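See structure below.
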Amino acid sequence: MSVHIAAKKGEIAKTVLQPGDPLRAKYIADNFLNDVKLVSQTRNIFYYTGLYKGKEISVGASGMGIPSIGIYSFELYTEYEVDTIIRIGTCGAYTTDLKLFDLLNVENSASESTYAKFAWGIEEELLKSQGNVFETINQTAKNLSLNLQPTNIHTSDIFYRKDEKIPAIATKYNCSAVEMEAFALFANAQHFGKNAATILTVSDIIPTREQISADQREKALKPMIELALETAFQ
Ligand code: HPA
C-alpha cells in the first residue's frame, strides 16, 4: 500500500498504462485485458492488473493535472517498482494543421510549471519523454499502420483562460497541442531513471472550437489504447 494506492506490493505490473479518467481505466480493463483484478480504488482512482496477450499489464488513472499525476506516478515508480508508465490522454490542438482524432506521440513537454524545479531541482522548462518507449511507440505505430505524429506539446496548469492566444512557451518550443500532465510524468521519470511516454488523441481544436462529442470518445480512443497495449506488450 502507498499513500494513495491500496494495491499490495507485487499487485502492480512493471508497465502501467495511465489514462486521466478512472472510468477509462475500467473500460480498458473490461475490454482489453484478461484475468483482471481491481487492485486499488482509493478515491475512486481505479487500478487494475491483468493480462494482455499473456503479459501482465496494469492500467490505472492519473487524475487531472500535474499535482495528481505527480502523486500517482511517484508512488508507482517508488512503491511498486514500476519501470514504465505510458500516459494515454487527450489534448487540445493549437493549430488547424491537426485534426480531431489525430494521434500524437509526445517527444518533449514544455511547461511554465514549477513542479520539476521544486520537486527535483530540474530547472529545464522542456522535458523529454524518458527511456526508449517513445521510439518503441513510433515503431509499433508503423507495424500497426497507424498514423502517429511525433511532436512537442505544452503541459499547462490552466484549462480555462481569459486570453485565447497561444501561450508564449508553446510558441517558443513549437508545441502543436496542450494537455495537463506529461511534464510532471517526465520529471518524475527523469529523476528516478524510469521510462515514461505520452500518447495523445486530439479531442479539440482550440482555434475553431471543434471537439469530439462525448459519444465519439470511446471509439476515438481505441487506436491509442491498442497502440499503448501493443507497445507495453514488447
Ligand atoms: N487544454 C488542456 N488540456 C486539454 C485540452 C485543452 O484544451 N483538451 C484536452 N485536454
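The values are calculated or read from the model by the stated rules, or taken from the named source; none is laboratory data. Predicted, not measured: the structure shown is a model, and the values here were computed from it. No Cβ is skipped: glycine too gets one built from the backbone with ideal geometry, and neighbour counts run over all protein chains shown.
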Residue in segment 58-70 that is assigned to a helix (DSSP H, G or I), farther than 18 Å from residue 204 by Cα and more than 15 Å from the ligand (Cβ to nearest atom) present: yes
Conditions (1) in contact (Cβ under 8 Å) with a residue 24 or more places away in the chain; (2) touching a Leu at 6+ places or on another chain (Cβ under 7 Å); (3) not in a loop (DSSP other than H, G, I, E, B): number failed by residue 49: (2)
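Quick test for you: out of 94, 115, pick the one residue that is touching a Gly at 6+ places or on another chain (Cβ under 7 Å) and farther than 26 Å from residue 11 by Cα.
After ruling out the rest, the residue left standing is 115.
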Yes/no for residue 50 being surrounded by 15 or more Cβ atoms within 10 Å (Cβ to Cβ) and either at pLDDT 95 or above or touching a Cys at 6+ places or on another chain (Cβ under 7 Å) (or both): yes
Those residues of segment 146-169 which are out of contact with any Lys or Arg (no Cβ under 9 Å at 6 or more places or on another chain) and either more than 16 Å from the ligand (Cβ to nearest atom) or not in a loop (DSSP other than H, G, I, E, B) (or both), in sequence order: 146, 147, 149, 150, 151, 152, 153, 154, 155, 168, 169
Qualifying residue in segment 127-145 (condition: surrounded by fewer than 16 Cβ atoms within 10 Å (Cβ to Cβ), free of Cβ contacts under 8 Å to residues at least 12 places away in the same chain and part of a loop (DSSP other than H, G, I, E, B)): yes
Segment 146-195, residues that are of a type in the set (Asp, Glu) and crowded, with 21+ Cβ neighbours inside 10 Å: 179, 181
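Residue-wise test of (1) aromatic (Phe, Trp, Tyr); (2) modelled with pLDDT under 95; (3) surrounded by 20 or more Cβ atoms within 10 Å (Cβ to Cβ); (4) more than 18 Å from the chain's Cα centre (by Cα).
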{"site": "68", "(1), (2), (3), (4)": "no, no, no, no"}
{"site": "72", "(1), (2), (3), (4)": "yes, no, yes, no"}
{"site": "108", "(1), (2), (3), (4)": "no, no, yes, no"}
{"site": "114", "(1), (2), (3), (4)": "no, no, no, yes"}
Filter result (more than 13 Å from the chain's Cα centre (by Cα), in a loop (DSSP other than H, G, I, E, B) and within 13 Å of the ligand (Cβ to nearest atom)) within segment 170-220: 206, 207, 208, 209, 212
Near pairs, Cβ below 9 angstrom, 6+ apart or cross-chain, from segment 155-178 (in contact (Cβ under 8 Å) with a residue 12 or more places away in the chain) to any residue that is within 11 Å of the ligand (Cβ to nearest atom) and among the acidic types (Asp, Glu): 155/179; 155/181; 156/179
Filtered residues of segment 204-228 (kept if surrounded by 14 or more Cβ atoms within 10 Å (Cβ to Cβ), among the acidic types (Asp, Glu) and out of contact with any helix residue (DSSP H, G or I) (no Cβ under 9 Å at 6 or more places or on another chain)): 204, 210
Candidate set from segment 82-96 (those that are more than 16 Å from the ligand (Cβ to nearest atom) and not hydrophobic (A, V, I, L, M, F, W, C)); member that is nearest to residue 166 (Cα to Cα): 84
